[in-house]
1. Could we say that Lys100 is basic (Lys, Arg), over 15 Å from Asp14 (Cβ atoms) and in contact (Cβ under 8 Å) with a residue 24 or more places away in the chain here?
2. Kindly indicate whether any position in region 47-58 is under 21 Å from Thr111 (Cβ atoms) and touching a residue at least 24 places away in the same chain (Cβ under 8 Å).
Amino acid sequence: MIQLNSILYVQTSDDPERQYSPVVLALSAKAMDIDAKIYYLGQGLRILKPGEADKIKMGDFPSLKEMLQKAISQGIPVYVCEASKQMLGWDKVEFDLDLKIVGAATLNDLTLEADATMWF
């Protein structure tokens, strides 16, 4: 088995059914002592708008907001693309989670640093 030290999970979709995978996988990676990071890009930001992640609840899982809070509390950074935020016209939107707003070039840096990258 290949030993990975870091995985970057990139969320580009606002489809509710695609929201849990990167968070669950990042939490699993963290439990395996793998450095995990989540990056939201493009339409993926729509679910981070205040109140939206509370509305997403699939099966027996907690709400997406609760899952994101758990990931953040366990030290998994959640990045948000500033250019995508501007593209959506969200200059004044304040997120209700502890998210890291970063420049677009950060995705390039994170991808180059990661041993693996998964896109959703």
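All of the numbers you see were taken from the coordinates with simple rules; none came from a lab. Nothing here was measured: the structure is a model prediction, and the numbers come from that model. Here Cβ is always computed from backbone atoms with ideal geometry, including for glycine, and neighbour counts include all displayed protein chains.
1. Numbers: basic (Lys, Arg): yes; over 15 Å from Asp14 (Cβ atoms): yes; in contact (Cβ under 8 Å) with a residue 24 or more places away in the chain: no.
In short, no.
2. Taking region 47-58 and keeping what is under 21 Å from Thr111 (Cβ atoms), we get 48.
Right, trim to touching a residue at least 24 places away in the same chain (Cβ under 8 Å) and you get 48.
The answer is yes; a qualifying residue exists.
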